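Read the structure below first, then the notes.
The values are calculated or read from the model by the stated rules, or taken from the named source; none is laboratory data. Fair warning: this is a prediction, and the values are worked out from it, not measured in the lab. Virtual Cβ from ideal backbone geometry, glycine too; neighbours counted across all protein chains shown.
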Amino acid sequence: MIEYNPAPPFTSGHPTTATSHLVEKVKLSRETAQNRRKAAAIRVLAFNKKTSKSGL
């Protein structure tokens with residue numbers, strides 16, 4: 001019988017098990033994209049708030 005083994009052969013699949021150096025490296029590499037995504041979400045929320053007040 002073959003069984004699923006939930007313990008992967010590496011320890012960096014989750015921030016709680018990865019090294020702090022690796023976690024920081026990933027955070028820094030994603031920072032620009034995350035900031036752009038956040039700015040876009042804020043613009044959409046502001047637009048929705050504005051248009052819901054005007055009845056559009």
What pairs can you find where one residue is in the stretch 1-28 and of a type outside the set (S, T, N, Q), the other is part of a loop (DSSP other than H, G, I, E, B) and at pLDDT below 80, and their Cβ atoms are less than 9 Å apart, with a gap of 6+ or different chains?
ALA18/THR11; ALA18/SER12; LEU22/SER12; VAL23/SER12
For the stretch 6-48, give me each residue that is modelled with pLDDT of 95 or more and touching a helix residue (DSSP H, G or I) at 6+ places or on another chain (Cβ under 8 Å).
none
Give the residues of the stretch 1-28 that are surrounded by 10 or more Cβ atoms within 10 Å (Cβ to Cβ) and either among the hydroxyl-bearing types (Ser, Thr, Tyr) or not in a loop (DSSP other than H, G, I, E, B) (or both), sorted by residue number.
THR11, SER12, THR17, THR19, LEU22, VAL23, GLU24, LYS25, VAL26, LYS27
